[in-house]
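A.B. asks: Following this message is one structure expressed as structure tokens.
The values are calculated or read from the model by the stated rules, or taken from the named source; none is laboratory data. Given the structure is predicted, the values throughout are model-derived calculations rather than measurements. Don't worry about glycine lacking a Cβ; one is built from the backbone with ideal geometry, like all the others, and counts go over all protein chains shown. Quick note on the areas: whole protein, heavy atoms, side chains included, nothing else; ligands and nucleic acids left out. Shrake-Rupley method; radii C 1.70, N 1.55, O 1.52, S 1.80 Å.
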Amino acid sequence: MQLTINTAGTLKSKPDETNLGFGTVFTDHMFNMDYSVEKGWHNPRIDPYAAIPMDPSTMMLHYGQGVFEGLKAYRTEASGVQLFRPLDNFNRLNRSSRLLCIPEHDAAFALDALKQLLTLEKDWVPSQPGTSLYIRPTIVAMDAFLGVRASFTYRFFIILSPVGAYYPEGFNPVKIMVSEDHVRAVRGGVGEAKTPGNYAASLLAGDKAHEEGYTQVLWLDGVEQKYIEEVGSMNIFFVIDGEIVTPMLSGSILPGITRNSVIQLARSWGLNVSERKISIDEVLETQASGKLSEIFGSGTAAVVSPVGELKYGDRIVTIGDGNVGPVAQRLFDAIQDIQYGRVEDPLGWVETVC
Ligand code: COI
């Protein structure tokens with residue numbers, strides 16, 4: 001397949017890099033590619049950033065048959081642009097697609113197209129500390145049809161957005177509340193896919209947590225409501241007796257690329273990491289006995305997000321001394337140093353774009 005490049009006639013002015021929020025500003029161009037049963041994935045192109053015309057009956061709008069990814073491009077000190085484990089994102093997009101009955105794409109081709117898009121948009125990659133260019137690959141069902149079945153046509157697009165911190169707290173500890181009324185996903189469902197419905201399903205519990213002054217929801221499993229799954233839209237880690245513990249991937253947990261990076265890095269430092277079931281009771285017991293020193297979330301958007309306080313029913317407990325713990329700090333610094341090219345890339349995760 002040959003990528004066509006259609007450049008924009010006029011370019012937008014760039015935003016103030018010292019005041020970037022998250023996901024509000026978009027670059028001049030986007031990647032587009034279409035799918036039909038007859039042609040498969042076809043017509044890959046870079047176009048000016050534009051709305052996607054949709055019939056009101058477009059299946060994505062009704063039944064949520066869509067998948068997406070999130071990754072970032074980083075500006076290095078030498079003014080280059082680089083990506084962090086990007087092929088993992090396109091491979092995960094294919095895994096999500098399989099669960100949503102969406103045809104798979106050629107991940108290597110998509111990565112190459114992204115690199116060409118980034119090369120065209122390189123001036124949009126911000127250089128202020130803590131900023132990056134967020135990349136959102138997305139595939140949506142495009143048939144204009146109201147029956148429930150998998151669509152026969154799809155649009156794959158990639159948009160780019162210069163961003164600052166995702167959470168207003170930045171790297172400061174957040175307060176999290178265990179959701180007892182709602183679950184995020186169930187085993188056998190689509191919890192391990194990055195699909196819009198999982199995020200829609202998290203909103204009501206998130207609103208309830210915010211009303212009580214908490215930033216994030218701590219999700220328990222959908223069967224027994226006993227075992228911990230995720231925090232907000234991130235994976236979660238605990239430091240218990242010096243060992244790092246994270247819920248094992250059970251089918252209802254998103255297989256985070258940052259989660260995997262945390263595990264690999266910590267093991268490379270000689271730390272013990274265990275992927276296993278961990279119950280909310282174990283968390284509270286180890287907190288009470290002083291063995292639980294840290295909790296932190298991991299995700300592309302925030303990288304590592306320390307937890308300072310946890311609420312479960314009537315119990316409110318402080319994690320460690322309520323401040324950022326040493327393991328979270330070390331992981332945050334190490335991952336960011338690799339992403340921004342400030343250190344050697346010990347595990348071969350970085351790809352130079354331009
Ligand atoms: C992440 O933490 O990377 C996320 O998944 C958040 C994203 C949906 C904005």
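A.B. asks: How big is the gap, in Å, between the Cα center of the stretch 1-25 and the Cα center of the stretch 149-165?
C.D. replies: 15 Å
A.B. asks: Then there is this: Which longest uninterrupted range of the chain lacks any trypsin sites (Lys or Arg not before Pro) assigned by DSSP to a loop state (not H, G, I, E or B) and surrounded by at most 16 other Cβ atoms within 10 Å?
C.D. replies: The answer is 40-148.
A.B. asks: Do any chymotrypsin sites (Phe, Trp or Tyr not before Pro) in the stretch 138-186 lie in a loop, going by DSSP, with at most 15 other beta-carbon atoms within 10 Å of their beta carbon, and if so which?
C.D. replies: PHE152
A.B. asks: Okay, next question. Based on alpha-carbon positions alone, could you give the equivalent ellipsoid semi-axes of the chain from the gyration tensor, as √(5λ), descending, whole Å?
C.D. replies: The three semi-axes for the chain are 34, 25, 18 Å.
A.B. asks: What percentage of the solvent-accessible surface of the stretch 71-229, computed with a 1.4 Å probe over protein heavy atoms, is contributed by carbon and sulfur atoms? Don't skip to the answer; put the middle values down first.
C.D. replies: On the way: 3380 of 6440 Å².
So the carbon and sulfur contribution to the accessible surface is 52 percent.
A.B. asks: For VAL317 and LYS12, what does the FRET efficiency come to when R0 = 51 Å and r is the distance between their Cβ atoms, rounded to the nearest 0.05?
C.D. replies: On the way: r = 47 Å, r/R0 = 0.93.
The value I calculate is 0.60.
A.B. asks: Additional query: Among 278-288, 296-306, 234-244, how do they line up by average Cβ neighbours within 10 Å per residue, starting with the highest?
C.D. replies: Answer by packing, highest mean first, reads 296-306, 234-244, 278-288.
A.B. asks: I'd like to check one number: the per residue accessible area of the chain, probe 1.4 Å, reported in Å² as a whole number.
C.D. replies: 43 Å²
A.B. asks: So, with +1 on the Cβ of K and R and -1 on the Cβ of D and E, and no other charges, what is the size of the charge dipole of the stretch 1-156 about its Cα centre, to the nearest 20 debye?
C.D. replies: So the dipole magnitude of the stretch 1-156 works out to roughly 260 debye.
A.B. asks: I've got another one for you. Given LYS194/LYS291; LYS72/LYS226; LYS208/LYS291; LYS175/LYS291; LYS14/LYS115; LYS14/LYS72, which pairs have Cα atoms separated by over 27 Å?
C.D. replies: LYS194/LYS291; LYS72/LYS226; LYS208/LYS291
A.B. asks: State, as an integer percentage, the relative contact order of the stretch 303-348 based on alpha-carbon contacts under 8 Å between residues 6 or more apart.
C.D. replies: Computed value for the stretch 303-348: 32 percent relative contact order.
A.B. asks: Any idea how far the Cα center of the stretch 316-352 sits from the one of the stretch 224-246, in Å?
C.D. replies: The distance from the Cα centre of the stretch 316-352 to that of the stretch 224-246 comes to 17 Å.
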